[in-house]
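Q: One structure, pasted below without further comment.
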Amino acid sequence: TSRAPKKQILKSSNDNYCNSSDSDLELSTVRHQPEGLEQLQAQTKFTKKELQSLYRGFKNECPSGLVDEETFKTIYSQFFPQGDATTYAHFLFNAFDLDRNGSIRFEDFVIGLSVLLRGSVTEKLNWAFNLYDINKDGYITKEEMLLIMKSIYDMMGRYTYPSVRDEAPSEHVEKFFQKMDRNRDGVVTIEEFIETCQKLSDDV
Ligand SMILES: *[C@@H]1O[C@H](CO)[C@@H](O)[C@H](O)[C@H]1NC(C)=O
Ligand SMILES: [Ca+2]
Ligand SMILES: [Ca+2]
Ligand SMILES: [Ca+2]
């Protein structure tokens, strides 16, 4: 792919400060800033410098400024070479693609990243709930949680957990529901999720 050579260029520009063509390349990428950087600064917990740097990385991987699901899966999977991250990446993609039109804009990506890295506990829990609620109907079902757990096991790969038995994901789901489904109606709502997670963190 064209990805590796680009990284090579960026790396060499850091290694060799005297190479003018490489620093020109860096500057020219910085110049193409997203519209409304000021607005993004207000919407996220990133500084202008951080947003510029994130934008450079984003543009490097996705020159069109949009990420489709295939590209997202390819990039994300590189972080989990020992397993199969494609299913989990699919769920992640849907959590970032809020308007569900099949592409993530830089703005959507950065707003999500800001929640994940610097959001309040409640913001993070809301984001996680939206990830687990696969069909986005406001309820986490056992079926949804099982798909999420299996995708996480696939992503981690069997070699990481040599002793993992095949029923481990469903055992995980049962434990999750024993804790979270407080009114025992078979589904977990955002209220149950946040209340339980906050109680659990208070106990620690
Ligand atoms: C999705 O919506 C964004 C605007 O939010 C637009 O720029 C992009 O082209 C759309 N993608 C598709 C595949 O329609
Ligand atoms: Ca979208
Ligand atoms: Ca659901
Ligand atoms: Ca419930």
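Q: If packing is taken as the mean number of other Cβ atoms within 10 Å per residue, what is the order of 97-105, 65-73, 125-133, highest first?
A: On the way: 97-105: 15.2, 65-73: 17.0, 125-133: 18.6.
Packing proxy ranking, top to bottom: 125-133, 65-73, 97-105.
Q: What pairs in Lys59/Lys150; Lys136/Lys175; Lys45/Lys179; Lys136/Lys199 have C-alpha atoms more than 30 Å from each other?
A: Lys59/Lys150; Lys45/Lys179
Q: How big is the stretch 69-129 on each of its three principal axes, counting only the C-alpha atoms and giving the largest first in Å?
A: Principal-axis extents of the stretch 69-129 (Cα, largest first): 31, 26, 18 Å.
Q: Using each residue's phi in the stretch 119-133, evaluate 6.51 cos²θ - 1.76 cosθ + 1.60 at θ = phi - 60° and report the 3J(HN,Hα) Karplus result to the nearest Hz, with x for Gly and Pro.
A: Going residue by residue, I get x, 5, 4, 5, 4, 5, 5, 4, 5, 5, 4, 4, 5, 6, 7 Hz, with x marking Gly and Pro.
Q: Can you give me the % of accessible surface on the stretch 74-204 that is carbon or sulfur? Probe 1.4 Å, all protein chains present, nothing else counted.
A: Working: 4210 of 7530 Å².
Of the solvent-accessible surface of the stretch 74-204, carbon and sulfur hold 56 percent.
Q: Which shape class applies to the stretch 44-90: rounded if a/c is under 1.5, otherwise prolate when a/b exceeds b/c and oblate if not, where a ≥ b ≥ c are the square roots of the Cα gyration tensor eigenvalues? Each step should come with its number before you reach the end.
A: On the way: a/c = 2.54, a/b = 1.88, b/c = 1.35.
It comes out prolate by the Cα gyration axes.
Q: Here's another thing I want to ask about it. Give me the compactness ratio for the stretch 121-203, meaning the Cα radius of gyration over 2.2 N^0.38 Å.
A: Rg over 2.2 N^0.38 Å, computed on Cα atoms: 1.13.
Q: Rounded to whole Hz and in sequence order, give me ³J(HN,Hα) for the stretch 58-66 from the Karplus expression 6.51 cos²θ - 1.76 cosθ + 1.60, θ = phi - 60°, writing x for Gly and Pro.
A: These are the phi-based 3J(HN,Hα) values: 5, 5, 5, 7, 10, x, 6, x, 10 Hz.
The values are calculated or read from the model by the stated rules, or taken from the named source; none is laboratory data. Keep in mind that this is a model prediction, so the values were computed, not measured. Every residue, glycine among them, receives a Cβ derived from its backbone with ideal geometry; neighbour counts consider all protein chains shown. The accessibility values were calculated without ligands, DNA or RNA, using every heavy atom of the protein model including side chains. Shrake-Rupley method; radii C 1.70, N 1.55, O 1.52, S 1.80 Å.
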